[in-house]
Amino acid sequence: MTRFVTAPDGVRVAYEVEGAGPPLLFLHGLSGSRGYWRESGYFDALSGRFTLVAMDTRGFGESGAPDDPAAYTEDRVLGDTLAVMDAVGAERFMVWGHSFGATIARQLGATSDRAMRIIMAGGHFGVIFDAEQVAELEAELEPLADALAASDLTAALDALDAPPEEREASLVFPARTTLLTARSLASWRPFQPADLRCPALVIAGTRDTRVLEALEPQREALRAAGARLAVLPGLDHGQLVTEREAVLAVALPFLSE
């Protein structure tokens, strides 16, 4: 069942809670929603061990989607996570984030003593999006965002880089808020492993090329900080969620310590 909490700036943030045990917050990736944790079977697998909390970050899923770029700053996104956990009654909690959610987990692990331990699946340290990467994303998504804002479905379909059978379904893609979030990410603090205040597990896949390339030069810093790196054979970025059994094999022992 969806619940809502109102952030200090008035944005309504959607979340759900299930299970019993130590609190564990799930954070989805950019353009995603909290539903993929349930759809991939994590609630069924873990609700007997943990109090599971999954939230839609602002701009996605059932949460509010402001037009103001200032609504997507690091402080506001992190504040949403703390507001949700306040509503749940969890003073301290574990965090498991995928992709963009891994970056939020990283920021929490570096700034909040409320984070007991974090899992970063498909994430890395340092700068997430530089100016060049943001420009590439803008070139890809701005035509779609503009067409959807104008309710020009013909132009939106033309702007989609998707097979014909997937194009109409792709019209629900949150292009505008993806752009707003990505632009904000360029200015988020580029924390390093040494900045973490809690134990961390970083999960990557051998086919998640961009993330793995970013992590390779960070291996020594991870070791020095006591953070763990698990590289799973054959998995790409999305499979770091969907291949639940392979991921749980490394994640569950870490969470259960």
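So GLY126 clears everything in (1) part of a loop (DSSP other than H, G, I, E, B); (2) under 18 Å from GLY238 (Cβ atoms) except one condition, right? Which one?
Failed condition: (2).
Go through the residues of region 49-61 one by one and say whether even a single one is surrounded by 21 or more Cβ atoms within 10 Å (Cβ to Cβ), under 21 Å from CYS198 (Cβ atoms) and charged (D, E, K, R).
no
If only one of ASP86, ASP68 is in contact (Cβ under 8 Å) with a residue 12 or more places away in the chain, surrounded by fewer than 17 Cβ atoms within 10 Å (Cβ to Cβ) and either more than 15 Å from VAL17 (Cβ to Cβ) or not aliphatic (A, V, I, L, M) (or both), which one is it?
ASP86
Out of the helices (runs of 4 or more DSSP H) lying entirely within region 1-105, which hold 2 or more residues that are within 23 Å of PHE125 (Cβ to Cβ), under 15 Å from the mean Cα position of the chain (by Cα) and not aliphatic (A, V, I, L, M)?
Of the helices (runs of 4 or more DSSP H) lying wholly inside region 1-105, those with at least 2 residues that are within 23 Å of PHE125 (Cβ to Cβ), under 15 Å from the mean Cα position of the chain (by Cα) and not aliphatic (A, V, I, L, M) span 74-88.
Every read-out reported here was derived from the displayed coordinates using simple, explicitly stated rules and does not represent laboratory data. Predicted model, so just to flag it, every value in this text is computed and none were measured. Please note: Cβ atoms are built from the backbone with ideal geometry, for glycine as well, and neighbour counts cover all protein chains shown.
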